[in-house]
Structure formats: structure tokens, C-alpha cells
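*Asks:* Mind looking over this structure? Questions follow.
Every number here is computed from the coordinates shown, using simple stated rules; none is lab data. Every value quoted in this text rests on a predicted model; they were computed, and no experiment measured them. As a convention, Cβ positions derive from the backbone with ideal geometry for all residues, glycine included, and neighbour counts pool all protein chains shown.
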There are 2 protein chains.
Amino acid sequence: MALDSSTTAVSPSAASSTRLWDSAISDDVSFLLARANAVSMARTRQVLGPFGLKVRSYALLGIVAADTRPSQRELSEFLRLDPSQIVSLVDELQTRGLARREPDPRDRRANVVVATDAGVTLFAEAREQVLRAESAWLADLPREIRDRFGRALAQLATTEDDS
Amino acid sequence: MALDSSTTAVSPSAASSTRLWDSAISDDVSFLLARANAVSMARTRQVLGPFGLKVRSYALLGIVAADTRPSQRELSEFLRLDPSQIVSLVDELQTRGLARREPDPRDRRANVVVATDAGVTLFAEAREQVLRAESAWLADLPREIRDRFGRALAQLATTEDDS
DNA sequence: GCAAACACTTGAAAAAGTCAACTATTGAGC
DNA sequence: GCTCAATAGTTGACTTTTTCAAGTGTTTGC
């Protein structure tokens, strides 16, 4: 299923699969959330394409563009990525002149990752388009839901799992 | 990031990464949606574990348990999976006696996938637990949001992407 | 009747994720 | 102050997942 971000979302008006929306799982919040996420990923990916950014690079760039000066370890934990994946993402941004590593003065084992001016600028431009696409996507929700959807998601996103 | 279903979600109260929630991207609906989806996946996975089901098998079983008699092609399109992935999932359910293939009388190239009685029963039991976990997860949302969250997600999930 | 398209299947290839091991550094315990 | 376990970042091996190619048998459009 599109329970990941690797698939392009199309509407259930695609004739051959419309009828399967009548089955029970299409009432499951988990299914709907996965589906909505897939649509969101596809839309975001499309918007970021012209900036040469992928969703993960965009997210990492956004964090470091906020002058947070995170260590790679912090990025890894926050983004829920393996440290070796952070290495690759930072390498890529560094190669493009959008971010760089600096030695962390508090701990010689660590780097902090900082955005360059070019990185800050690119992020701002990309974010403008991302937010525009989001607004368009959310536009048809009832107003009182739309205004609180982000907050609801944030609350759900920060609920501990049942481990 | 947890922009996929492969990661266990933990709260931002995990001390070392709390401060990164202050960056811009944590306002992005796409980021929050991905995060909420990751939590949802983790919770669903945990609930389905004791039934020996994974999220995708559960979804597929749910569709065929609804007496929809879908072809594999229809399942592939609906769930946004490659046909070869449907083969594996159906194989697995078939091996466990939860579903089976039948020749499609309308088209000899095709099979329809049907749930067995055991499959229908297992799905019902699993679904009960999935819905219970969902209710618990959504419980702290404001009432007027909680009552309409699923519908909002369904609307978003069925919006065409900008392709 | 023929050729292109299609359903399912198998398996190869590519991509993504996970894990192991290394060097250098830090911090806890004595 | 010393020792050793833990840690940060890195590289690369290994595993898993996804994508793609190609095959057989069937259907459809001309």
C-alpha cells in the first residue's frame, strides 16, 4: 500500500479501484493517514524537485537553516535516521554549498551542522512553495478543521507509542 | 526522517532532540503528517504483531474479507503496490490459510482473491484491536476535531496530486 | 486472423535501510 | 590521575525492499 512515501498518489476516481474504497479498512485512521501522507509526500516531492531537493534534504536543511547548530547525532535522533544516513545527507548538502560541518567546540568528537547563506536562501524559497502547495491541498477542508489540523497532527505526532 | 514506516516513534521529550522542534519544518503539515504516520504505523504494527500480521497483509486481508472479490490487478492499483508485491502478500496469506486465489470467470488471465472463513475471523479480531488502539491515540484530541479527523484525512487522501 | 495490450509470475537489478567495526574523544568510577 | 566503558562520526558490508525486465497465456481492437 502507499504506507510509505515511495508511491505517487492518485484519486479513487481511478475507475478500476474505486470500488475497493467500500471495504472496512478505508475507515481506519491508520490507513487514511498513510494515504494522506503518501499524497503529501508526492506533492512535496514535486514542489522540491525544481530546487534539486529531496524531502529529507529539505527537512535537514530546514533544521540547520534555523541556526540550531545541531550535532549529527541530534539530527539523527530527531529525524529518526541512522547516523550513516545523516552522513550522506550532510555530504550532499555540503557538496552543493548549502551546509557545512564545523567542529563542535564543546566536544571534539562531534560536528555541528550549519547552513550557508545559499542554504538559508534556498530553504526559504523552497519553503514558500511547500507552504503554498500545502495551503492549496488543505483549502477544501472545513475552515474550523483546517485551522486546527496542524495542531492536531502535532499532538498525535508527539504521543508516545505504546512501547 | 521518519518519513516512512520503518521507524519507531518516540516523543520529542527525548531530551537530546527536543530543541530541534523549534525549527521551521516542525510547522510544516507534511512533516507533521509524516511524523504522525510513523507513530500510527508503529502502533498498528505493535497491535498486529500477535496476530502474525503486518500492516500490508492486514490491509489486503481487510479488503478481501469485505467480499469484494478483487483481482490482483485491482489490489495492486488500490494499494499502490507493484503487482509482484501483491503476489508475495497473497502467497503469504494463502500459505496461512487466510485467503486464496480463484480463477476469475470473466477473464482467464486473472484471479480473484477471496478470504477464507479463518481469514475473515482473524481480520475481525485484529481490526477490533486496531480500532481500539486508534481510539486511545485520538482520545486527547479536542472532541470536535476527533469526530471529524477521519473524514478530513479521507478528503485529503483522495485529493489528486498536482501531476 | 494478427498484433498489441494485459494479468500474473519469476527473478534480476537497483535502491534503501541496518548493522558492524574502526578511530578519536569523553566521562564515570576508582 | 588513571582506566575503561561509552560515545560521535565514518566507512563499508550485509540485509531488506522496491523496481524493473522478461516470460507464458489470454484478451481486445482492427
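*Asks:* Compute the acute angle (0 to 90°) between the alpha-carbon long axis of helix A:117-138 and the principal axis of greatest extent of the alpha-carbon atoms of chain A; round to the nearest 10°.
*Replies:* 10 degrees
*Asks:* Taking the Cβ of each residue in A:Val29, B:Val64 as the centre, tally the other Cβ atoms inside 10 Å and list the residues starting with the fewest.
*Replies:* Listed from fewest to most nearby Cβ atoms, that is A:Val29, B:Val64.
*Asks:* With runs of 4+ DSSP H residues as the only contributors, calculate the mean residue ellipticity of chain B at 222 nm using -39,500 (n - 2.57) per run, divided by the residue total and rounded to the nearest 500.
*Replies:* Computed ellipticity for chain B at 222 nm equals -18000 deg cm²/dmol.
*Asks:* Could you give each residue of the stretch A:51-58 its phi-based ³J(HN,Hα) in whole Hz, using Karplus coefficients 6.51, -1.76, 1.60 with θ = phi - 60°, and x for Gly or Pro?
*Replies:* Computed from phi, the couplings for the stretch A:51-58 are 8, x, 10, 9, 4, 5, 5, 4 Hz.
*Asks:* Could I ask something else about it? Might you report the magnitude of the Cβ-based charge dipole of the stretch B:26-142 about its Cα centre, with Lys and Arg at +1 and Asp and Glu at -1, to the nearest 20 debye?
*Replies:* About 300 debye.
*Asks:* Please report, to two decimal places, log10 I(q)/I(0) for the stretch B:77-116 at q = 0.33 Å⁻¹ as given by the Debye formula with identical point scatterers on the Cα atoms and no solvent.
*Replies:* Here log10 of I(q) over I(0) equals -1.08.
*Asks:* Continuing with this model, one more query. List the trypsin sites (Lys or Arg not before Pro) within the stretch A:35-127 that fall in a DSSP loop (any state other than H, G, I, E or B) and whose Cβ has at most 13 other Cβ atoms within 10 Å.
*Replies:* A:Arg106, A:Arg108, A:Arg109
*Asks:* Hey, could you pull the Cα Rg and Dmax for the protein assembly as shown, both in Å?
*Replies:* For the protein assembly as shown, the Cα-based Rg and Dmax read 20.9, 72 Å.
*Asks:* Along each of its three principal axes, how wide is the spread of alpha-carbon positions in the stretch A:28-141, in whole angstrom units, largest first?
*Replies:* Extents along the principal axes: 50, 31, 19 Å.
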